[in-house]
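A short reminder: the numbers here are calculations on the coordinates, not readings from a lab. No experiment lies behind these values; they were computed from the predicted model shown. Here the Cβ is made from the backbone with ideal geometry for all residues, glycine too, and neighbour counts use every protein chain on show.
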Amino acid sequence: MIFSKDPHKRAKSIFNLIAPIYSALDAYVKKGFGKAMNNIREEIDLKGKSVLDIGTGPGAWAALYKENGASKVHGVDFAQKMVKTASKRYAPGITFSTGDAENLTEFEDESFDIVTASFLLHGVTEDKRKLMLNEMKRISKQHVIINDYFGKTPAVARFLEYLEKSDYHHFKENFCNELNNQFPNVKKEKASFGTSVYFASK
Ligand SMILES: C[S@@+](CC[C@H](N)C(=O)[O-])C[C@H]1O[C@@H](n2cnc3c(N)ncnc32)[C@H](O)[C@@H]1O
């Protein structure tokens, strides 16, 4: 299979292609998110909150918000097959739609209490990340929560990032600065497997 040279189109094709594999690993991935979700629960009371999960994939990250008290959770992803697999597993309790994190005009300003993204932002270049963070900030009433790499990443993740040709080295070094440039309040809590939860608020 030949992938497009355009990084955006290439990423979409790859994520559509791997959606069934990702979906099969959903329960395992969800378990791995346990420490990150504990960090979030210690920081924010999720009860009754509305949550938008961007780059939701098969839906495990979105599902944890619902299981921890959020009243309304919506997941959005640009890969149609990810949306299909997430809906199959978690709808109707959680709703899902296709959409591009760089331009989410379908969501109004300050329409969700929390806007979150898990393992989305390291996969794009800093300029695209800035667009995505702008959208997250615009749509959130207060909190933006990012679950992503920080520190020493496991070998399997390094291999996947090599294949994906993502920006994760630069991301790990620079992301706190990027957040500080866009938000007045930023905090980072170490989770597990070379990841951290980044909290940013308006
Ligand atoms: C590494 S997966 C993470 C999935 C899930 N959030 C998790 O942590 O398990 C990244 C997801 O982001 C989606 N994605 C990448 N770029 C996107 C964009 N520009 N707009 C919307 N979704 C995007 C991909 O389709 C994929 O489902």
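Please compute the net charge surrounding SER4, taking Lys and Arg as +1 and Asp and Glu as -1 over other residues with Cβ under 11 Å from its Cβ.
Local net charge: +3.
Each residue of region 174-180 in order: what ³J(HN,Hα) in whole Hz does its phi give by Karplus 6.51 cos²θ - 1.76 cosθ + 1.60, θ = phi - 60°, with x for Gly and Pro?
Couplings: 10, 5, 4, 4, 4, 5, 4 Hz.
Amide H of VAL73 versus every other amide H placed in the peptide plane: which residues, excluding those fewer than 5 positions away on the same chain, fall under 5 Å?
The list, which skips near neighbours in sequence, is VAL51, THR95.
Could you work out the local net charge near LYS81, counting Lys and Arg as +1, Asp and Glu as -1, over the other residues with Cβ closer than 12 Å to its Cβ?
Value of the local net charge: +2.
Find the relative contact order for region 111-202 and round it to a whole percent, using C-alpha pairs within less than 8 Å whose residues are 6+ positions apart. Mind dumping the intermediate values first?
Details: 144 pairs, mean separation 32.0, N = 92.
After rounding, I find 35 percent.
Once the Cβ-Cβ distance between LEU17 and ARG138 is put in as r, and R0 is 30 Å, what FRET efficiency do you end up with, to the nearest 0.05?
On the way: r = 31 Å, r/R0 = 1.03.
The computed FRET efficiency comes out at 0.45.
In which sequence would LEU120, LEU52 go, from the one with the fewest C-beta neighbours within 10 Å to the one with the most?
By the 10 Å Cβ count, ascending, the order reads LEU120, LEU52.
Whose amide H sits under 5 Å from the amide H of THR116, counting only residues 5 or more places off or on another chain, with H placed in the peptide plane?
Result for THR116 returns LEU52, ASP53, ILE54, ILE145.
Sorted by packing (mean other beta-carbon atoms within 10 Å per residue), highest first, where do 104-115, 59-70 land?
Per-residue Cβ counts within 10 Å, averaged per peptide and sorted highest first, yield 59-70, 104-115.
At 7 Å along Cα-to-Cβ for each site, give me the label-to-label distance between GLN80 and HIS169 in nm.
3.6 nm
In terms of Cα to Cα distance under 17 Å, which aspartates and glutamates are near enough to LYS35, apart from those fewer than 8 places away along the same chain?
Partners within reach: ASP26, GLU43, ASP45, GLU67, ASP148, GLU189.
Among VAL29, VAL156, VAL73, rank each residue by its count of other Cβ atoms within 10 Å, from fewest to most, as a rough exposure measure. All intermediate terms of the calculation are to be shown ahead of the outcome.
Values: VAL29 18, VAL156 9, VAL73 28.
Ordered from fewest to most neighbouring Cβ atoms within 10 Å, VAL29, VAL156, VAL73 come out as VAL156, VAL29, VAL73.
Going down the list LYS88/LYS152; LYS72/LYS165; LYS88/LYS202; LYS31/LYS202, which pairs span over 32 Å between their C-alpha atoms?
LYS88/LYS152; LYS72/LYS165; LYS88/LYS202
What is the sum of charges, Lys and Arg at +1 and Asp and Glu at -1, for the other residues whose Cβ falls under 12 Å from the Cβ of LYS152?
Local net charge: +3.
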